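Asker: One structure coming up, written as structure tokens, with questions to follow.
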Amino acid sequence: MGPPLDPFRFLQIVLAGWVNRHQQDVIDYLREENRVLREQLGGKRLRLNDDQRRRLAARAKKLGRKVLKEVASLVTPDTLLTWHRRLIARKYDGSSKRGPGRPPLAARIKRLIVRMASENRCWGYTRIQGALTNIGHRVGRGTIVRTLKAHGVEPAPQRCKKTTWKEFLETHWDVLAATDFFTVEVWTRSGLVRFVVLFVIELSRRRVEIVGIHASPNGAWMEQIARNLTDVVDGSLRAKRYLIHDRDPLFTAQFREILTAADVKSVRLPARSPNLNAYAERFVRTIKESCLDRMILFGERSLRRATKEFVLHYHHERNHQGLDNRLIVPPPQCAAVRSPVRRRERLGGLLNYYYRQAA
């Protein structure tokens, strides 16, 4: 038999076992309490503030990873490590000191890029980049691509295949003319009669000529009009190469053949497209609003007089916004500023022009 056990030693062992058992019961109770709390939360994740995280981390440090893994139920060792990594990342986070990055392209440069692409349909991205460099703007090729794409501008190969109506007009400006009809109701001995007025407008200078007025126009009348227009001495189209008109039946095949024989190409507009003949349409609106709609006309003679007077006013006395608010035919010289201001009346004061009387 061994030596008898010391009573004091035995008491220490019994007390230590009781303490360990008591601590284990406390731990089991706390763990069960945590489970109940988590069940009450419905499985939702606990949201801890920075102070709570700090307190838990300080307590967990004394236990160590092995013990903490056995007893922890709210916060695991991996959670503590995740908090630690976030603290390190926050320490070296310099995002608050960084700027917004590369500044966006200025709006005026974007407008310039779109303008260059629109005015030069065959220019590619690199060509536009070079043109921008010439005027002091260093813009990347990719930026030009994105800018044009955002504004719906196609790449150069597709742009070159399409010619807009505006480009066609500007390219052939000096050799272009347009023609159109408008109607006027006139009182005659047989009652109210609708007269058709045919005019030609020179697009480059906006000069207008009334070339025909008739109550019942037909193909023969239009053929004679075509011969007058293409007369080599005083025809309105003697220096023109294109005549724009709509698809009115009065512009017959014989009418177009006479134009072709005189080297004038007939440009027939698509149906229901008045905007493509905008200059002629604008003249019709002007003559009606400023003159004909404000008069009661009696007989063809009064209609001819009214249109003649308006055309003179239109050329010599009316300022045109499309020509920088200038006159189509400016006066030969301007009188002194202090000379008297006079008024020239047409059609009984319906059309007025103010000028200074020459000394």
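The values are calculated or read from the model by the stated rules, or taken from the named source; none is laboratory data. If you're wondering where the values come from, they're calculated on a predicted model, not measured in any experiment. Every residue, glycine among them, receives a Cβ derived from its backbone with ideal geometry; neighbour counts consider all protein chains shown.
Asker: Condition check: touching a strand residue (DSSP E or B) at 6+ places or on another chain (Cβ under 7 Å), free of Cβ contacts under 8 Å to residues at least 40 places away in the same chain and surrounded by fewer than 19 Cβ atoms within 10 Å (Cβ to Cβ). Does Asn275 satisfy that? First the steps, then the outcome.
Answerer: Details: touching a strand residue (DSSP E or B) at 6+ places or on another chain (Cβ under 7 Å): no; free of Cβ contacts under 8 Å to residues at least 40 places away in the same chain: yes; surrounded by fewer than 19 Cβ atoms within 10 Å (Cβ to Cβ): yes.
No, not satisfied.
Asker: Taking the criterion of being of a type in the set (Gly, Ala, Ser) and under 30 Å from Leu323 (Cβ atoms), would at least one residue in the stretch 242-253 satisfy it?
Answerer: Keep residues of the stretch 242-253 that are of a type in the set (Gly, Ala, Ser), which gives 253.
Subsequent filtering for residues that are under 30 Å from Leu323 (Cβ atoms) retains none.
Scanning the stretch 242-253 turns up no residue that is of a type in the set (Gly, Ala, Ser) and under 30 Å from Leu323 (Cβ atoms).
Asker: For the stretch 176-203, how many residues meet the condition of being part of a loop (DSSP other than H, G, I, E, B) and surrounded by 14 or more Cβ atoms within 10 Å (Cβ to Cβ)? Don't jump to the end; show me each part of the working.
Answerer: Step one: of the stretch 176-203, the residues part of a loop (DSSP other than H, G, I, E, B) are 189-190, 203.
Restricting the remaining residues to those that are surrounded by 14 or more Cβ atoms within 10 Å (Cβ to Cβ) gives 203.
Residues meeting the conditions: 1.
A quick yes/no check of all residues on (1) among the aliphatic types (A, V, I, L, M); (2) in contact with a helix residue (DSSP H, G or I) (Cβ under 6 Å, 6 or more places away or on another chain):
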{"site": "Ile287", "(1), (2)": "yes, yes"}
{"site": "Ile296", "(1), (2)": "yes, no"}
{"site": "Glu300", "(1), (2)": "no, no"}
{"site": "Arg304", "(1), (2)": "no, no"}
{"site": "Glu309", "(1), (2)": "no, no"}
{"site": "Gly322", "(1), (2)": "no, no"}
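Asker: Given the residues Pro249, Pro270, which is the only one that is in the same structural domain as Glu202 (by TED's automatic domain parsing), loosely packed, with under 14 Cβ neighbours inside 10 Å and closer than 20 Å to Val197 by Cα?
Answerer: Details: Pro270 fails: closer than 20 Å to Val197 by Cα.
None of the other options fit; the residue is Pro249.
Asker: While we're on this one: Determine which member of the set Phe283, Phe310 is within 26 Å of Arg241 (Cβ to Cβ), at pLDDT 90 or above and surrounded by 12 or more Cβ atoms within 10 Å (Cβ to Cβ).
Answerer: Numbers: Phe310 fails: within 26 Å of Arg241 (Cβ to Cβ).
None of the other options fit; the residue is Phe283.
Asker: Right, here's the next one. Look through Leu259, Leu176, Leu192, Leu250 and report the one residue that is touching a helix residue (DSSP H, G or I) at 6+ places or on another chain (Cβ under 9 Å) and free of Cβ contacts under 8 Å to residues at least 60 places away in the same chain. Walk me through how you get there before you give the answer.
Answerer: Details: Leu176 fails: free of Cβ contacts under 8 Å to residues at least 60 places away in the same chain; Leu192 fails: touching a helix residue (DSSP H, G or I) at 6+ places or on another chain (Cβ under 9 Å); Leu250 fails: free of Cβ contacts under 8 Å to residues at least 60 places away in the same chain.
Only one candidate qualifies: Leu259.
Asker: Now a separate question. Which condition does Glu345 not pass, out of (1) part of a strand (DSSP E or B); (2) in contact with an Asp or Glu (Cβ under 8 Å, 6 or more places away or on another chain), if it passes all the others?
Answerer: Single failed check for Glu345: (2).
Asker: State all residues of the stretch 120-159 that are aliphatic (A, V, I, L, M) and in a helix (DSSP H, G or I); if no residue qualifies, say none. Even if it seems obvious, please write down each step before you answer.
Answerer: If we filter the stretch 120-159 for residues that are aliphatic (A, V, I, L, M), which is where we start, we get 128, 131-132, 135, 139, 144-145, 148, 150, 153, 156.
Ile128, Ala131, Leu132, Ile144, Val145, Leu148, Ala150, Ala156 - these are the residues of the stretch 120-159 that are aliphatic (A, V, I, L, M) and in a helix (DSSP H, G or I).
Asker: Scanning the stretch 147-169 for residues that are surrounded by fewer than 12 Cβ atoms within 10 Å (Cβ to Cβ) and charged (D, E, K, R), which turns out modelled with the highest pLDDT? Before the answer, list the steps.
Answerer: Step one: list which residues in the stretch 147-169 are surrounded by fewer than 12 Cβ atoms within 10 Å (Cβ to Cβ), which gives 149-150, 152, 157-158, 161-164, 166.
Next cut, charged (D, E, K, R) only: 149, 161-162, 166.
Values: Lys149: 86, Lys161: 60, Lys162: 63, Lys166: 67.
Among residues in the stretch 147-169 that are surrounded by fewer than 12 Cβ atoms within 10 Å (Cβ to Cβ) and charged (D, E, K, R), the one modelled with the highest pLDDT is Lys149.
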